[in-house]
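Chemist: Dumping the structure here so I can ask a few things about it.
The values are calculated or read from the model by the stated rules, or taken from the named source; none is laboratory data. Note that this is a predicted model, so its numbers are computed, not measured. Ideal geometry is used to build each Cβ from the backbone, glycine not excepted, and the neighbour counts take in all protein chains shown.
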Amino acid sequence: MPSQRRTTLTDVAQRVGVSAKTVSRVLNGDGPVADETRAKIMAVIEELGFQPNLMARNMRIGSRDSTVGLVVPDMSNPFFGTVASGIEEAVGSRGLTLLIGSSGESVEREKKLVTTFLARRISTLMIVPAADGDHRYLRRERESGLPLVFLDRPAAGLAADCVVSDNRQGAKEGTAHLIAHGHRRIAYIRDLPASLFTRQERFRGYRDALAEAGIPYDRTLAADAHDPDAAATAVRRLLTLDQPPTAIFTGNNFATLGAVQALTVDGRQDVALVGFDDLPLADVLRPGLTVVTQDPRAIGTAAAELALARLDGTRRGAKRQTVPVRLVPRGTGELPPL
């Protein structure tokens, strides 16, 4: 199906039967326009899905006014900060400026930020999508030629470029590492909500490793937590089971922080631990923290390169790029079961 041409200010003017200058006056509020005419113009703008500054996307790369919009779920998470650094470095070399907003994992907030970016002078839109979102509302933007790239998690309801970590393989390797050191009672702390792409992929990897080792999955060893305090509580509860785990695999950096806190404060350094995502100072703990580490800078760089290729005229179909992860053994994942 051929791409839909981007709606222009002239299209709006022709549909209403007025001059482009009149439409501009309504949009900018810089001149008198009859109320009836104003109402007609606004109705056509709504009908055609016209954004006042969409024409700015046609600016040549390198223009000082060119910008890239990035929406992330949580500005306080160092993972997303490093992703943004990778993007900023790559697009900055082409004269583009990065604008960042945080959705707080809210679908509504994410959509508001996207709308704000679309009304500005952006050349590319990048999104780390909130869970349970639906991105079909961006079909018009994609078809009009706006480069769209989703990071860490793919879009929902929309075929678009995305860059993700090898979540399933990483979780499988982390769990298999614990199995290789003799553990069979391995707990798993999952992220929330249940619909989150990274949670689902990492949980599949955990179960893949168990299945390959012939270890039955035990649902009592799985717990959910979205912050360090909840993860610490989950770890303490798991260790009170009649058959407690001898090892724990944590599904993200916040869960790992909670697990480290619980095990350290309670003096349970006999419990093996592998975390998905690295942590600052993980190598100075005693023993050091074994992790499956992602490369957030590489994710950001790869996403920026996809976007720049689109801006340069690449017209291939939506592409998913997977960034490898690696296991970093430091001590906690190598403890044997007691």
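Chemist: If I filter the range 329-336 for residues that are surrounded by 14 or more Cβ atoms within 10 Å (Cβ to Cβ), assigned to a strand (DSSP E or B) and hydrophobic (A, V, I, L, M, F, W, C), do I get at least one hit?
Modeler: No: zero hits.
Chemist: Residues ALA156, ALA160, ALA171, ALA119: which one is under 30 Å from THR290 (Cβ atoms) and not polar (S, T, N, Q)?
Modeler: Of ALA156, ALA160, ALA171, ALA119, the one residue that is under 30 Å from THR290 (Cβ atoms) and not polar (S, T, N, Q) is ALA171.
Chemist: Continuing with the same structure: Just a yes or no: is a residue in the range 303-318 hydrophobic (A, V, I, L, M, F, W, C) and farther than 23 Å from CYS162 by Cα?
Modeler: Checked against the condition, which is being hydrophobic (A, V, I, L, M, F, W, C) and farther than 23 Å from CYS162 by Cα, the range 303-318 yields no hits at all.
Chemist: Being modelled with pLDDT of 95 or more, more than 20 Å from VAL71 (Cα to Cα) and in contact with a Lys or Arg (Cβ under 8 Å, 6 or more places away or on another chain) is true for just one of VAL291, VAL325, VAL274. Which residue is that?
Modeler: Checking each option against the conditions leaves just VAL291.
Chemist: Further, regarding this structure: Please work out which one of (1) at pLDDT 95 or above; (2) part of a strand (DSSP E or B) is the condition SER123 fails and give its number.
Modeler: Single failed check for SER123: (1).
Chemist: Something else about it: Filter the range 121-140 down to residues that are closer than 18 Å to GLU108 by Cβ and in contact with a strand residue (DSSP E or B) (Cβ under 7 Å, 6 or more places away or on another chain) and give me whichever is surrounded by the fewest Cβ atoms within 10 Å (Cβ to Cβ).
Modeler: LEU138
Chemist: A further question on this structure: Here are some residues: THR37, THR7, THR22, THR67. Which one is more than 18 Å from the chain's Cα centre (by Cα), closer than 27 Å to PHE150 by Cβ and modelled with pLDDT of 85 or more? Spell out how you get there, then give the answer.
Modeler: Working: THR37 fails: closer than 27 Å to PHE150 by Cβ; THR7 fails: modelled with pLDDT of 85 or more; THR22 fails: closer than 27 Å to PHE150 by Cβ.
Within the list THR37, THR7, THR22, THR67, the selection yields THR67.
Chemist: Given the condition aromatic (Phe, Trp, Tyr), at pLDDT 95 or above and crowded, with 21+ Cβ neighbours inside 10 Å, answer yes or no: does some residue in the range 211-218 qualify?
Modeler: No.
Chemist: Take GLY275 and decide whether it is farther than 15 Å from SER165 by Cβ, small (Gly, Ala, Ser), touching a strand residue (DSSP E or B) at 6+ places or on another chain (Cβ under 9 Å) and buried (at least 17 other Cβ atoms within 10 Å of the Cβ).
Modeler: Numbers: farther than 15 Å from SER165 by Cβ: no; small (Gly, Ala, Ser): yes; touching a strand residue (DSSP E or B) at 6+ places or on another chain (Cβ under 9 Å): yes; buried (at least 17 other Cβ atoms within 10 Å of the Cβ): yes.
Here the answer is no, as GLY275 does not meet what is asked.
Chemist: Something else about it: Inside the range 143-248, counting only helices (runs of 4 or more DSSP H) that do not spill past its ends, which hold 2 or more residues that are among the β-branched types (Val, Ile, Thr)? Even if it seems obvious, please write down each step before you answer.
Modeler: Working: elements: 167-180, 197-212, 228-238.
The qualifying helices (runs of 4 or more DSSP H) are 167-180, 228-238.
Chemist: Which condition number in (1) outside the structural domain of GLY81 (by TED's automatic domain parsing); (2) surrounded by 15 or more Cβ atoms within 10 Å (Cβ to Cβ); (3) of a type in the set (Lys, Arg) is the one that ARG310 fails?
Modeler: Evaluating ARG310 over (1) outside the structural domain of GLY81 (by TED's automatic domain parsing); (2) surrounded by 15 or more Cβ atoms within 10 Å (Cβ to Cβ); (3) of a type in the set (Lys, Arg) leaves (1) as the failure.
Chemist: Identify the single condition in (1) closer than 29 Å to ASP208 by Cα; (2) β-branched (Val, Ile, Thr); (3) in contact (Cβ under 8 Å) with a residue 60 or more places away in the chain that ILE87 does not satisfy, given that it satisfies every other one.
Modeler: Among (1) closer than 29 Å to ASP208 by Cα; (2) β-branched (Val, Ile, Thr); (3) in contact (Cβ under 8 Å) with a residue 60 or more places away in the chain, ILE87 violates only (1).
Chemist: Would you please list the contacts, defined by Cβ atoms under 6 Å and residues six or more apart or on different chains, that run from a residue in the range 309-323 that is on the phi < 0 side of the Ramachandran plot to a residue that is modelled with pLDDT under 90?
Modeler: Correct list of pairs: LEU311/ILE61.
Chemist: Something else now. Does PRO244 fit the bill of being at pLDDT 95 or above and not small (Gly, Ala, Ser)?
Modeler: Spelling it out, PRO244 is indeed at pLDDT 95 or above and not small (Gly, Ala, Ser).
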